[in-house]
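I have placed the structure first, in the form of structure tokens, so that the comments after it can refer back to it.
The values are calculated or read from the model by the stated rules, or taken from the named source; none is laboratory data. From a predicted model like this one, the values you see are computed outputs, not experimental measurements. Glycine gets a Cβ as well: all are built from the backbone with ideal geometry, and neighbour counts include every protein chain shown. Surface areas here come from the heavy atoms of the whole protein model, side chains and all, with no ligands, DNA or RNA. Shrake-Rupley method; radii C 1.70, N 1.55, O 1.52, S 1.80 Å.
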Amino acid sequence: MPTSRPGRAPGARGERLAVIDPSTGEAFDEAPDQQPDIVDAAVDRAHKAWRDWRSDATVRSGALHAAADAVEAAGAELAPLLTREQGKPLAESYAEIDRTAARLRYFAELHPGPQPVTDGRPVRSEIRWRPLGPVAAIVPWNFPLQLASAKFAPALAAGNTMILKPSPYTPLATRLLGSVIAAALPADVLTVVTGREPLGACLASHPGIRHVTFTGSVPTGRAVAAGAAPSLARVTLELGGNDAAVLLEDVDVERIADRLFWAAFRNCGQVCMAVKRVYAPARIHSQVVEALAQRAKAAVVGPGLDPDSQLGPVNNAPQLARVERYTAQARADGARAVAGGHRLDRPGYFFAPTILTDVPPHSPVVTEEQFGPVLPVLPYTSLDEAVEAANGTGFGLGGSVWGTDLDRAEAVAGRLECGTAWINHHAELSLAQPFAGTKESGVGVAGGPWGLFGNLSPFVLHRPEET
Ligand code: NAD
């Protein structure tokens, strides 16, 4: 197998990062492997740029609209590059770009003005929202552009500057996006840095950073929070998930099967809010398994640049090894793969879409986040048991309930311990809604006005009515 971790390009004396196309397993390009000392200079420039950027919301709004236009105009260049390094089908790369432009426009229109506050006394108090300063953003490889935009759109709209670090597996599209956006903004308002660890750790712990906004796994989130503790920078963490879909007795299996399947397998299951476990009433369990297995067998798996592909490869070799490990452990625990269960016999990091049955509830594929194209389907006999199992992990990102009686489904969804619950679909998010995980799935709130306020600090001015 070729390089399993982002490697230094041969002969480049440690200054370039080889970027692998997961559909071939071969390096196809490289990016700067910047060393941690780049962070000092980037933070210094971000501080200087902040002085002007913070001062005029109207100027910021215009610049963010211009940035959105520039992102759309660059779509034909960005999308194939994103697919090449990430693996996803081209249409999904275009969707990421559309979402990025839409998010810039959404936050460009949010300007919190002064807010009066009163507790009845004759004192006029007013909140004036102030930006925090340079923000550090660190994002993973599954939605490089969309997740980056969830960081920079609210932070920049609020009047902060930002240093953004993509995953070393997917640095290229973010670098291009950064240069496209930077051309629409004053210098040093948005800086993209690329490289391997400890670049992210140095950024998160830099004393000049006032907010660290991180998306990634729970263990890295803990390290980021610990790194930011000495500077007491604000920390927002959007972490892993292990979302459950609970099917009710009255569910119309054929009607929902496509939606349920793609809620688990879109982007090859590499979605924080993918359905990662299905709980089906024992009476219809085998029907659900069969419906999902049919779709898994029919899904077209191939390179993202092939227009016929519905599912691309897993993004990187360690992630593929992880998916194989969870599947092998599930089998050792007694599970059966009704569809898939193995790598595809071709170059690249392809894994067949996998439906598992007879999975013991304690198997790690159920209790942990496997983050790949594998879905365990578990039977239940009482609804209380299903809800308890759905809530029974350390995660609390999302969840869904599927059935025909919407009132009953809503009542069950209300019992899920997570940040967002859906009925008869999963992981559809509005730009205007708060996005927050409970338990170990996150700290802080992103999305909508809450995302903007996460990048602002209240400055309260008290003025008496009389001298
Ligand atoms: P990861 O935690 O390994 O890496 C995330 C980012 O952190 C990368 O840019 C990485 O280079 C960087 N990093 C690694 N070590 C670091 C350190 N010590 N200090 C600072 N930065 C460091 O995650 P991943 O494998 O890239 O992504 C998959 C994970 O992301 C899954 O757990 C998934 O659920 C989660 N995720 C969460 C959301 C959400 O919104 N909740 C969205 C997408 C992905």
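Of the residues making up region 197-253, those that are polar (S, T, N, Q), more than 10 Å from the ligand (Cβ to nearest atom) and more than 21 Å from the chain's Cα centre (by Cα) number 1. For Thr191, the conditions (1) surrounded by fewer than 24 Cβ atoms within 10 Å (Cβ to Cβ); (2) in a loop (DSSP other than H, G, I, E, B); (3) within 16 Å of the ligand (Cβ to nearest atom) all hold with the exception of (2).
A quick yes/no check of all residues on (1) open to solvent by less than 20 Å² (accessible area, probe 1.4 Å); (2) part of a strand (DSSP E or B); (3) not assigned by TED's automatic domain parsing to the domain that holds Gly312:
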| position | (1), (2), (3) |
| --- | --- |
| Asp119 | no, no, yes |
| Ser125 | yes, yes, yes |
| Val135 | yes, yes, yes |
| Pro140 | no, no, yes |
| Leu145 | yes, no, yes |
| Leu164 | yes, yes, yes |
| Tyr169 | no, no, yes |
| Ile181 | yes, no, yes |
| Pro186 | no, no, yes |
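Among the criteria (1) surrounded by 15 or more Cβ atoms within 10 Å (Cβ to Cβ); (2) part of a strand (DSSP E or B), the one Val460 does not fulfil is (1). All conditions in (1) under 26 Å from Ala173 (Cα atoms); (2) surrounded by 24 or more Cβ atoms within 10 Å (Cβ to Cβ); (3) within 16 Å of the ligand (Cβ to nearest atom) hold for Lys276, with the sole exception of (1).
Which condition does Phe261 not pass, out of (1) more than 16 Å from the ligand (Cβ to nearest atom); (2) open to solvent by 10 Å² or more (accessible area, probe 1.4 Å); (3) assigned by TED's automatic domain parsing to the domain that holds Leu416, if it passes all the others? Here Phe261 clears every test but (2).
Residues of region 170-210 being β-branched (Val, Ile, Thr) and under 18 Å from Ala76 (Cα atoms), which ones? Hits for region 170-210 are Thr170, Thr174, Val180, Ile181.
One residue stands out among those in region 61-82 that are free of Cβ contacts under 8 Å to residues at least 60 places away in the same chain and open to solvent by less than 10 Å² (accessible area, probe 1.4 Å): the one that is farthest from Val189 (Cα to Cα), which is Ala79.
Only one of the listed residues (Pro361, Pro373, Pro379) is out of contact with any Leu (no Cβ under 9 Å at 6 or more places or on another chain) and at pLDDT 95 or above. That residue is Pro379. The test for being hydrophobic (A, V, I, L, M, F, W, C) and surrounded by fewer than 20 Cβ atoms within 10 Å (Cβ to Cβ) does not hold for Ala204. Considering region 243-341, the qualifying helices (runs of 4 or more DSSP H), each wholly inside and each with 3 or more residues that are among the basic types (Lys, Arg), run over 317-332. Quick check: anything in region 114-128 within 16 Å of the ligand (Cβ to nearest atom) and either acidic (Asp, Glu) or in contact with a strand residue (DSSP E or B) (Cβ under 9 Å, 6 or more places away or on another chain) (or both)? No, region 114-128 has no match at all. The set of residues in region 213-235 that are small (Gly, Ala, Ser) and within 13 Å of Val135 (Cβ to Cβ) comprises Ala228, Ser231, Ala233.
Going through (1) crowded, with 21+ Cβ neighbours inside 10 Å; (2) of a type in the set (A, V, I, L, M, F, W, C); (3) touching a Lys or Arg at 6+ places or on another chain (Cβ under 9 Å); (4) not in a strand (DSSP E or B) one by one, Ala409 falls short only on (3).
Only a single item in (1) among the charged types (D, E, K, R); (2) open to solvent by 10 Å² or more (accessible area, probe 1.4 Å); (3) in contact (Cβ under 8 Å) with a residue 12 or more places away in the chain; (4) farther than 30 Å from Ala41 by Cβ is not met by Arg255, and it is number (3). Look at region 315-328: where a residue is in contact (Cβ under 8 Å) with a residue 24 or more places away in the chain and a partner is open to solvent by 40 Å² or more (accessible area, probe 1.4 Å), sitting 6+ places away or on another chain with Cβ atoms under 7 Å, you get Asn315/Tyr169; Asn316/Tyr169; Ala317/Met1; Ala317/Ser4; Pro318/Ser4; Pro318/Arg5; Glu324/Arg343.
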